[in-house]
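What follows draws every value from the coordinates through simple rules; no lab data is involved. What you see is a predicted model, and the numbers here were worked out from it, not measured in a lab. Cβ: placed from backbone, ideal geometry, glycine included. Neighbour counts: every protein chain shown.
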C-alpha cells in the first residue's frame, strides 16, 4: 500500500511543479513597436501626388530678393536692383567682383521659382 501511495504523491507533486515552471502566457511588455502606425488617414495615399509648391507673387519675389541682397554682408558695397514679372526676374546694377556677381545670381535663382533670371549686372573695373 505504501508503494501506490508514494507513486500517487509523486505524480501529483510532479504535475503541480510542472505547472509552476511553465512560462507565462502573456507576451512580455518589451515587444518591438510596429514599423508603421496602425492609424489610418495620416499622410497621402500612394496614388496621390503632392500639390505643387506655391509660387510667390511678382511683388513678393522682387521684395524677397532685394531684401536678401541688401542684408548679405558679402554684397554690402554692391548696388543691385531687382525687377520681377510673371516669367522673369531681372537683375541690374553694379558689383565689385565676380564673386559678388555669382552670389547675387545665386540669391536671385533661389527665390525666383520657375521664373528665369536675366543678368544685367555689371562688374566695376578694378584699378
If I ask for residues that are in contact with a helix residue (DSSP H, G or I) (Cβ under 7 Å, 6 or more places away or on another chain), within 14 Å of residue 109 (Cα to Cα) and either free of Cβ contacts under 8 Å to residues at least 40 places away in the same chain or not in a helix (DSSP H, G or I) (or both), which ones from segment 57-74 would you list? 69
Looking only at segment 83-94, count how many residues are under 24 Å from residue 60 (Cβ atoms) and in a strand (DSSP E or B). 8
Within segment 95-117, restricting to residues that are crowded, with 16+ Cβ neighbours inside 10 Å and in a strand (DSSP E or B), the one that is nearest to the chain's Cα centre (by Cα) is 117
Pick from segment 67-81 the residues that are buried (at least 19 other Cβ atoms within 10 Å of the Cβ) and within 30 Å of the chain's Cα centre (by Cα): which of them is nearest to residue 112 (Cα to Cα)? 69
